[in-house]
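Visitor: This is the structure, below, for whatever I ask next.
The values are calculated or read from the model by the stated rules, or taken from the named source; none is laboratory data. Just so it is clear, the structure is predicted and the values come from calculations on it, not from any experiment. With ideal geometry, Cβ positions are generated from the backbone for all residues, glycine too; neighbour counts draw on all protein chains shown. Surface accessibility is based on the protein's heavy atoms, side chains included, excluding ligands, DNA and RNA. Shrake-Rupley method; radii C 1.70, N 1.55, O 1.52, S 1.80 Å.
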Amino acid sequence: MRAVLTIDLHAIRANYRTLKVQAPRAEVAAVLKADGYGLGCGPIADALIGEGCRSFFVATAEEALSLRSKRKGIRIHLLNGPDEQAAPALAAKKVTPVLNSPAQIGLWAKTAKTLGQRLPAALHLDTGMCRLGLSEREQSALDLDHMDAIGIDLIMSHLACADEPGHDLNQEQHQAFLQRSGSWPGQRLSLANSAGIFLSCSFHFDLVRPGIALFGGNPIPEHPNPMSGVVTISAPILQIHQVTKAGSVGYGASYRTKPGMRIATLGIGYADGVLRQASNRATATLRDWPVPFAGRVSMDLIGVDVTDVPETVLAQTNEVTLLAGDDGIDRMAAAANTIPYEVLTRLGPRLERRYVNGAASA
Ligand SMILES: *Cc1c(COP(=O)(O)O)cnc(C)c1O
């Protein structure tokens, strides 16, 4: 009896279509770094290719090369940029690196000259996040000889506060991006992640780069989620305790029990990526009954309070569901004091991954 992570490819495709409606004039790419936010880059890429998605972004060279394997006709952007070791393989496999620094531009230009061909790349301008990308000073000091060896196919930047629509930095970054990308007139531009798509259409430019929204994360906090839930976990019930005298559940004895309560022990824990911070705070479901986490999340086990579930329902069920529904990952994130990105990317290899609704159709 193993905990199973079910990934609904139909919901991912529906989310992709929702984003296309939201950004009708832009190309909608897909960001599949960290193995598709922990859900499996390959099957998700193939589902999105079936929806017409042709541009993908990943973080590392390994991710880029593994996504490329046997997939032609798609553009793969490598967000972290090339390094000396990976550059020849990236060029051979037609991966388009994002060049973030003068050093990466120099390296990619050298690779191009060695091969005697112009190599495409995206250029990242840092407009206020101070993470990756060229500063204004670096941009004005670009080595023109290097730039000649590179075929720029996209100018991009990244928003620091897109999930806070009222934050001043959004407009500041937008202004800076408009102004600085003006050095490449007519070039394709990209600024928005999932939340950026919902700020306003002036943030869409030519290409948008959603990640979390494809996987059901709410891109507009404080508003109803326009995206569909993609994941559910079913965890086996290993044992049910009928409490006969007052006591407690789990390490640290943090959940108190009274006679008459029922506690179910689930075969899933923080080693599977259920965040320990969610101890005593998250709620799972048994059929349609909410069952609150009871006690600390252990490595391989979690207690849930099933007192309110009728005996007849308990007798018919041997599993409990986590993360289900359109707000499942956002609610778990809130319970664990984190973001849905972490909820997804922590999901561990011990969970069996099952893909459903894989056939490419509406
Ligand atoms: C991760 C990432 C994205 C996608 O962000 P979401 O918030 O998941 O939509 C887009 N652009 C860059 C540069 C990123 O690093």
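Visitor: Please work out if Q171 is more than 16 Å from the ligand (Cβ to nearest atom), outside any strand (DSSP E or B), farther than 24 Å from L48 by Cβ and not aromatic (F, W, Y).
Guide: Taking the combined requirement at face value, the residue satisfies it.
Visitor: Can you name the residue in the stretch 25-40 that is among the aliphatic types (A, V, I, L, M) and within 12 Å of the ligand (Cβ to nearest atom) and, of all such residues, is surrounded by the fewest Cβ atoms within 10 Å (Cβ to Cβ)?
Guide: Among those residues, the one meeting the criterion is A34.
Visitor: Considering the stretch 119-131 alone, what residues qualify as being crowded, with 20+ Cβ neighbours inside 10 Å, more than 22 Å from the chain's Cα centre (by Cα) and under 24 Å from S66 (Cβ atoms)?
Guide: Matches in the stretch 119-131: L119, A121.
Visitor: Which of the residues belonging to the stretch 7-24 are surrounded by fewer than 19 Cβ atoms within 10 Å (Cβ to Cβ) and touching a strand residue (DSSP E or B) at 6+ places or on another chain (Cβ under 6 Å)?
Guide: K20
Visitor: Please go through (1) away from the ligand (no atom under 15 Å from the Cβ); (2) open to solvent by less than 40 Å² (accessible area, probe 1.4 Å); (3) not in a loop (DSSP other than H, G, I, E, B) for P82 and return the number of the only condition it doesn't satisfy.
Guide: All conditions are met except number (3).
Visitor: Report every pair of residues separated by at least 6 positions or lying on different chains whose Cβ atoms are under 6 Å apart, first residue within the stretch 337-354 and within 20 Å of S279 (Cα to Cα), second open to solvent by 70 Å² or more (accessible area, probe 1.4 Å).
Guide: Partner pairs satisfying both residue conditions: N337/Q277.
Visitor: Of the numbered conditions (1) more than 16 Å from the ligand (Cβ to nearest atom); (2) touching a residue at least 24 places away in the same chain (Cβ under 8 Å); (3) among the hydrophobic types (A, V, I, L, M, F, W, C); (4) open to solvent by 20 Å² or more (accessible area, probe 1.4 Å), A91 satisfies every one except a single condition; which is it?
Guide: Every condition holds for A91 apart from (4).
Visitor: Next question. Return the pairs, sorted by first residue and then second, in which the second residue is at pLDDT below 95 and more than 6 Å from the ligand (Cβ to nearest atom), the first residue lies in the stretch 192-214 and is under 19 Å from Y37 (Cα atoms), the beta carbons are less than 9 Å apart, and the residues are 6+ apart or on different chains.
Guide: These pairs meet every condition: A195/P221.
Visitor: Another question about this same structure. When you go through S181, S194 one by one, which is the residue that is in contact with a helix residue (DSSP H, G or I) (Cβ under 7 Å, 6 or more places away or on another chain) and open to solvent by less than 30 Å² (accessible area, probe 1.4 Å)?
Guide: Of S181, S194, the one residue that is in contact with a helix residue (DSSP H, G or I) (Cβ under 7 Å, 6 or more places away or on another chain) and open to solvent by less than 30 Å² (accessible area, probe 1.4 Å) is S194.
Visitor: Could you tell me whether any residue of the stretch 296-318 is surrounded by fewer than 19 Cβ atoms within 10 Å (Cβ to Cβ) and in a strand (DSSP E or B)?
Guide: no
Visitor: Looking at the stretch 178-220, which of its residues are of a type in the set (S, T, Y), within 10 Å of the ligand (Cβ to nearest atom) and in contact with a strand residue (DSSP E or B) (Cβ under 7 Å, 6 or more places away or on another chain)?
Guide: The one that is of a type in the set (S, T, Y), within 10 Å of the ligand (Cβ to nearest atom) and in contact with a strand residue (DSSP E or B) (Cβ under 7 Å, 6 or more places away or on another chain): S190.
Visitor: Ok, one more. Kindly provide the set of residues from the stretch 200-237 that are open to solvent by 40 Å² or more (accessible area, probe 1.4 Å) and either in contact with a Cys (Cβ under 8 Å, 6 or more places away or on another chain) or farther than 24 Å from G325 by Cα (or both), ordered by number.
Guide: Once the filter is applied, which keeps residues that are open to solvent by 40 Å² or more (accessible area, probe 1.4 Å) and either in contact with a Cys (Cβ under 8 Å, 6 or more places away or on another chain) or farther than 24 Å from G325 by Cα (or both), the stretch 200-237 yields S200, C201, S202, F205, D206.
Visitor: Also, quick follow-up: Surrounded by fewer than 23 Cβ atoms within 10 Å (Cβ to Cβ), within 14 Å of I233 (Cα to Cα) and out of contact with any strand residue (DSSP E or B) (no Cβ under 9 Å at 6 or more places or on another chain): which single residue out of L275, L286 fits that description?
Guide: L275
Visitor: So, L48, is that one within 15 Å of the ligand (Cβ to nearest atom), in contact (Cβ under 8 Å) with a residue 40 or more places away in the chain, in a helix (DSSP H, G or I) and touching a helix residue (DSSP H, G or I) at 6+ places or on another chain (Cβ under 9 Å) or not?
Guide: yes
Visitor: Which members of the stretch 94-118 meet the condition of being over 22 Å from the mean Cα position of the chain (by Cα), open to solvent by less than 10 Å² (accessible area, probe 1.4 Å) and free of Cβ contacts under 8 Å to residues at least 40 places away in the same chain?
Guide: A112
Visitor: If a residue must be away from the ligand (no atom under 16 Å from the Cβ) and either out of contact with any Leu (no Cβ under 7 Å at 6 or more places or on another chain) or over 27 Å from Q173 (Cα atoms) (or both), how many such residues does the stretch 110-146 contain?
Guide: 22
Visitor: State the number of residues belonging to the stretch 56-74 that are touching a residue at least 60 places away in the same chain (Cβ under 8 Å) and either open to solvent by 20 Å² or more (accessible area, probe 1.4 Å) or more than 24 Å from L189 (Cβ to Cβ) (or both).
Guide: The total comes to 0.
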